[in-house]
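The values are calculated or read from the model by the stated rules, or taken from the named source; none is laboratory data. Here the structure is a predicted model, which means the values were calculated and not measured. Every residue, glycine as well, gets a Cβ built from its backbone with ideal geometry; the counts of neighbours run over all protein chains shown.
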Amino acid sequence: MAKRGRPSKPWSVIDRGRRYWYYKLRFWQDYESTEIPIKRNAKGQATNRSDADHYASEQYQRAILYNKRGLTLREFLDPYFVWDRCPHVKQLVADGNVPTERYIAEQRRRLELLVFTHPIAEIEVEKLTPGHFEDWKADLRSQGYSGLRGDDEKEAFEAWRGGERDGAGKLHIPPEERAHLPRNEIGSRTINAALSAVKKAFANGVHRRSIDVNPASSVGKVVERTRSRGIFSPAELRKMFVEQASSWGYGENYHGNKDAKRKGSAQGPLSHAEAWSFGFVIATTGERPSAVLLCRWEHLQDDVLTFPDVKDPRKDGRQVPLIPAVVEAINQVPRRGPFIWGYESGESFGYTWFTKRFQHMMKTLGLPERMDGMKRTPYSLKDTLVTELIDRDVSEILVRELVGHSQTYGERALSASQARYKRRRIARLREVLPVIEELIA
């Protein structure tokens, strides 16, 4: 008589007494690691078998779908860079290398914006070749995308179509109408970042044997073109940081989405202190905005600010002395959380937070967006500092030590010996402070 009971699962999960759970699908010969760490109670018994079962179930469903019809690129990338589903993220977390939520969100956004909207997303993975990705890169460079997001995109659509808002006052843009919006060229770095995300997913798939080959492994990066940026004059620096510092705040003459003033916490604080002090730090230290955003209150000691390592905030940061005016500006920032420039929720602001306020400040003060045919961006603050210090006969080596990095090539690039002195003694860096004070005085 046949044995009755629940039908057996088409997969099995075992505890081998190691770090991870292992699983095997019905048609496999050997077990594979799930990369899911085993959690044990005080008696040494495993307590999270259901997590491994859920993972094995997902892999089985994907395998069945793959056998019926090869997985398309969209289907393969579907779980990647989604915090609670991504195999790559789970592997990083298990190895103790926890990525930030912002990094995961940015990678996912690149996939959705640049990969899922392209015909390459509907090609089966097993049929993909390096040529498909070369064509994908070429299409992105030639076609671009709207370049407008959020409120700017809505305003552009409303101006073009005279769009109608719903009862809540929100404007919705039909997907088929987005093609009529202005389109901008996609930068080389953006394309390379999206390609990197795809390569990471393929490498993880090969590692887990969910795919046989990485079709993008031999695809090279787009050569990044160095574009010159416009700089500011000392008079303009004094105007934006000394004479009219309040221009960084969202006042009555706010240039942007009119609803932002009512949103408050969603869009960030409306006072000028945060953006003013943030820009002031960049303009007097030349540090990257990404590093400044990581600064916490404990990183400010008297007149010395420590910039954390962007790639690994756990490493020792770079210490730079500040002029008194910058220290005073930072001390005017309300203490809302652990980050100097952050929300009450404990998260730091994003770079977009500053770019919007930078653009608002430029329009409020009537500063031209271009100077000598070159666009002026937030990074122009750093370029202005480097240019002015060198023009005032400050040693180029000392200038590079102050800013901590170089984005130029050739003679201006840091040599191997100079690179070892990025964390020079504070006393040596203080030699530059009088010149910086004179620049904005």
Counting only residues in region 194-233 that are outside any loop (DSSP other than H, G, I, E, B) and at pLDDT below 90, the one nearest to Glu75 (Cα to Cα) is identified as Gly205
Qualifying residues in region 398-420 (those that are modelled with pLDDT of 50 or more and touching a Leu at 6+ places or on another chain (Cβ under 9 Å)) - the one farthest from Pro324 (Cα to Cα): His405
Out of everything in region 234-261 that is aliphatic (A, V, I, L, M) and modelled with pLDDT of 90 or more, what residue ends up being farthest from Phe278 (Cα to Cα)? Ala235
Across region 75-90, what is the total count of residues that are assigned to a helix (DSSP H, G or I) and either surrounded by fewer than 17 Cβ atoms within 10 Å (Cβ to Cβ) or aromatic (Phe, Trp, Tyr) (or both)? 1
Could you check region 281-388 for helices (runs of 4 or more DSSP H) lying wholly inside it with 2 or more residues that are over 22 Å from Ala245 (Cβ atoms) and modelled with pLDDT under 90? 289-292
Please determine whether any residue of region 360-371 is farther than 20 Å from Glu274 by Cα and surrounded by 14 or more Cβ atoms within 10 Å (Cβ to Cβ). yes
Going through (1) over 15 Å from Arg288 (Cα atoms); (2) out of contact with any Phe, Trp or Tyr (no Cβ under 6 Å at 6 or more places or on another chain); (3) among the hydrophobic types (A, V, I, L, M, F, W, C) one by one, Ala329 fails only at (2)
Quick one: which of Arg108, Arg85 is touching a Cys at 6+ places or on another chain (Cβ under 9 Å) and among the charged types (D, E, K, R)? Arg108
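This table checks each residue for (1) surrounded by 14 or more Cβ atoms within 10 Å (Cβ to Cβ); (2) modelled with pLDDT under 90.
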position	(1), (2)
Gly96	no, yes
Leu113	yes, yes
Val125	yes, yes
Trp136	yes, no
Gly144	yes, yes
Just wondering, is there one or more residues in region 5-12 that are surrounded by fewer than 17 Cβ atoms within 10 Å (Cβ to Cβ) and modelled with pLDDT of 85 or more? yes
First in region 417-441 and surrounded by fewer than 17 Cβ atoms within 10 Å (Cβ to Cβ), second anywhere and at pLDDT below 80 and not in a helix (DSSP H, G or I), Cβ under 7 Å, 6 or more apart: Lys422/Gly404
State all residues of region 197-226 that are surrounded by fewer than 17 Cβ atoms within 10 Å (Cβ to Cβ), farther than 30 Å from Lys24 by Cβ and in contact (Cβ under 8 Å) with a residue 12 or more places away in the chain; if no residue qualifies, say none. Ser218, Lys221, Val223, Glu224, Arg225, Thr226
Selected residue [of a type in the set (Phe, Trp, Tyr) and within 30 Å of Thr190 (Cβ to Cβ)] from Tyr55, Tyr60, Tyr80: Tyr80
Could you grab me the full set of residues in region 287-307 that are among the acidic types (Asp, Glu) and farther than 24 Å from Glu344 by Cβ? Glu287, Asp302, Asp303
